[in-house]
Amino acid sequence: MRTLRILLVDDHVLFRKGVAAVLASHSDIEVVGEAGNGVEACMRARETIPDVILMDINMPEMTGLEAVKQIKQEMPHVRIVMLTVSGTDRDLFAAIKNGADGYLLKNLEPSALFDMLDCVRRGEAPVSGNVAEKILNEFRHPTKNIEHASDYRDGLSPREVEVLELIVQGKTNKEIASALSIAEDTVKIHLRNILEKLHLQNRIQAAVYAVRQGWVTEDGRNKPLGG
């Protein structure tokens, strides 16, 4: 298994060192750098080119939300997971809008952190349970821009729509592959195509977008436009 290279970003040194110590217990994970604010995060990301950044939100000089947006613009391939005490809707959806690939709360157990990092390896979206519930609550308030949404959905192939429906259900790539009887690598290709066609950055954005536009229900069932 390829080593996962991680950049830690948090203004609390003790917390940062604690996470680094926990991660050091796994030989397939390497902490390639640390940063204490958003400005340092951008600099260190350019220097180290990590696979994953674990990013706090509330930091001096530049917040994690600002740093996510800047880093994603420069290095869209870098996966950024918010690791924060903030569970507010405002921070959650700002992070998703700015391109965050996951959102975890700091009260998770070390074993859960490793599980979430395995999700990142597979190209999936690590989200804490209560954060996932907030996203579902947001699903219950779809926008009305259905006509514009139709233009985008019409650009998706039938298979891509099926993949999107399963993403909304929270299925992993492996589960999607099994449900559709296709290879997991094929799922990744479909997901990449979906994101490109919808001009989105990650699967969380795709799921939120699909439901808020009224394409599918929050349990992943397809809905006819205008119905």
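Computed from backbone phi, the HN-Hα couplings of segment 76-81 come to x, 7, 6, 7, 10, 10 Hz, rounded to whole numbers (Karplus: 6.51 cos²θ - 1.76 cosθ + 1.60, θ = phi - 60°; Gly and Pro given as x). Under a 5 Å amide H cut-off, with hydrogens placed 1.01 Å from N, Ile29 pairs with Leu4 among residues at least 5 apart or on other chains. Placing R0 at 25 angstrom, the Cβ-Cβ distance between His77 and His12 gives a FRET efficiency of 0.35 after rounding to 0.05. Across segment 44-50, coupling constants 3J(HN,Hα) worked out from phi with the 6.51/-1.76/1.60 Karplus curve, θ = phi - 60°, read 5, 5, 5, 6, 9, 6, x Hz, and Gly and Pro carry x. Applying the Karplus relation 6.51 cos²θ - 1.76 cosθ + 1.60 with θ = phi - 60° to segment 25-40 yields 3J(HN,Hα) values of 6, 10, 5, 8, 10, 10, 7, 8, x, 9, 8, x, 7, x, 5, 5 Hz, where x marks Gly and Pro. D by Stokes-Einstein for segment 5-82, Kirkwood Rh over Cα pairs, 37 °C, 0.692 mPa s: 271 µm²/s.
The H on the amide N of Gly123, modeled in the peptide plane, is under 5 Å from the matching H of no residue at least 5 residues off or on a different chain.
Coordinate-derived values only; no laboratory data. From a predicted model like this one, the values you see are computed outputs, not experimental measurements. Glycine gets a Cβ as well: all are built from the backbone with ideal geometry, and neighbour counts include every protein chain shown.
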